[in-house]
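Asker: I'd like to ask you about the structure that follows.
The values are calculated or read from the model by the stated rules, or taken from the named source; none is laboratory data. Model, not experiment: these values are computed from the prediction. Don't worry about glycine lacking a Cβ; one is built from the backbone with ideal geometry, like all the others, and counts go over all protein chains shown. We work out accessible area using only protein heavy atoms, side chains counted, and drop any ligands, DNA or RNA first. Shrake-Rupley method; radii C 1.70, N 1.55, O 1.52, S 1.80 Å.
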Amino acid sequence: MEIGVLAVQGDFAEHIAILRRIGADTREVRLPEQLEALDGLIIPGGESTTLSRLMSIYNLREPVAEMVAEGRPVWGTCAGMIMLANEITEQDPVPLGLMDISVQRNAFGRQVDSFEQPLRISPLDPEPYNCIFIRAPVVIRVGSKVDVLASLDDGRPVAVRQDNLLATSFHPELTRDTRVHQYFVGLAKNNSSATSMR
Ligand code: GLN
């Protein structure tokens, strides 16, 4: 079981630390060949316009899309969610277009408007999860194949899943609560055991 973390920009080190803490092997991914044989990939938070440019320069767009088409789980947090979307409300960045959601960037304002909010995340146990929002995006449309896992009190979705794709507006890598990482590693384990039985 090895989970890659896209390490071209953003808070990849925090994801790696939490994955290690829960006993998953990890790999920093900067080049397309580093995606080979991974059981899952995390696209971290950061700045999606930069992430978008660097993913093009390093030729990572197609291989990540192939990974998703093969059924391997990919999880985007914050800027990573923006990258997974089919559609965003601005021209820049150019998302990967892998998940049937529309996303609005910086939906809560500037850095100073960052906040924490305990929310129930449906596949986890009922204990609320402390969600950290930092210049976070929000989902403004979900396609028919998308499950909403968590929403704000006003109903706007902030955690969504479509088959092997997971996206969260908030930053589980900045908390001590490992439950969302454990959930993602569980998706990767299920997929790799299903694939090895084929
Ligand atoms: N506001 C950033 C963007 O649009 C995302 C912020 C984050 O990842 N914490 O890319």
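Asker: For the chain, what ratio Rg/Rh do Cα atoms give with a Kirkwood hydrodynamic radius? Don't skip to the end; give the middle numbers.
Answerer: Values: Rg = 15.3 Å, Rh = 16.5 Å.
Here Rg/Rh amounts to 0.93.
Asker: Under 8 Å for C-alpha pairs, at least 6 residues apart: give me the relative contact order for the chain, rounded to a whole percent. List each step's numbers first, then the result.
Answerer: Values: 430 pairs, mean separation 38.6, N = 198.
After rounding, I find 19 percent.
Asker: Restricting to DSSP H runs of at least four residues, report the calculated mean residue ellipticity at 222 nm for the chain, -39500 (n - 2.57) per run over all residues, nearest 500 deg cm²/dmol. Don't skip to the answer; put the middle values down first.
Answerer: Working: 5 runs with 54 residues, N = 198.
Here the helix-only value at 222 nm equals -8000 deg cm²/dmol.
Asker: What is the stretch 97-182's relative contact order, in percent, from Cα pairs under 8 angstrom and six or more apart in sequence?
Answerer: Working: 159 pairs, mean separation 23.9, N = 86.
Relative contact order for the stretch 97-182 comes out at 28 percent.
Asker: Let me ask you something else. When the Karplus curve 6.51 cos²θ - 1.76 cosθ + 1.60 is applied with θ = phi - 60°, which whole-Hz ³J(HN,Hα) does each residue of the stretch 141-153 get, with x for Gly and Pro?
Answerer: For the stretch 141-153, the Karplus-derived couplings read 7, 10, x, 5, 8, 9, 9, 8, 9, 7, 9, 6, 4 Hz, x marking Gly and Pro.
Asker: What does the charge add up to near Gln91, with Lys and Arg as +1, Asp and Glu as -1, over the other residues with Cβ less than 14 Å from its Cβ?
Answerer: For residues surrounding Gln91, the net value is -1.
Asker: Can you give me the C-alpha center-to-center distance between the stretch 158-198 and the stretch 45-62, rounded to a whole angstrom?
Answerer: Result: 21 Å between the Cα centres.
Asker: While we're on this one: Could you sort Thr50, Thr77, Thr89, Thr26 by their accessible area in this structure, using a 1.4 Å probe and putting the largest first? It would help to have the intermediate numbers written out before the result.
Answerer: Details: Thr50 50, Thr77 0, Thr89 80, Thr26 25 Å².
From most exposed to least exposed: Thr89, Thr50, Thr26, Thr77.
Asker: Rounded, prolate or oblate for the stretch 120-198? Axes are the square roots of the Cα gyration tensor eigenvalues, ordered a ≥ b ≥ c, and the cut-off for rounded is a/c under 1.5. All intermediate terms of the calculation are to be shown ahead of the outcome.
Answerer: Details: a/c = 2.15, a/b = 1.41, b/c = 1.52.
Note, shape of the stretch 120-198 comes out oblate.
Asker: Still on this model: Of all DSSP beta bridges located in the chain, what percent are antiparallel, nearest 5?
Answerer: Here the antiparallel bridges make up roughly 50 percent for the chain.
Asker: Quick one: which residues, 5+ away or cross-chain, put their amide H under 5 Å from the amide H of Glu87? H built at 1.01 Å from N.
Answerer: Sorted by chain and number, the residues that satisfy this are Ile101, Val103.
Asker: Oh, and also: If you look at just the Cα atoms of the stretch 27-108, how large are its Rg and its Dmax in Å?
Answerer: Radius of gyration, then largest Cα-Cα span, for the stretch 27-108: 12.0, 38 Å.
Asker: Still on this model: Could you tell me the accessible area of Tyr58 in Å² (1.4 Å probe, neighbours in place), rounded to the nearest ten?
Answerer: Surface open to solvent at Tyr58 totals about 90 Å².
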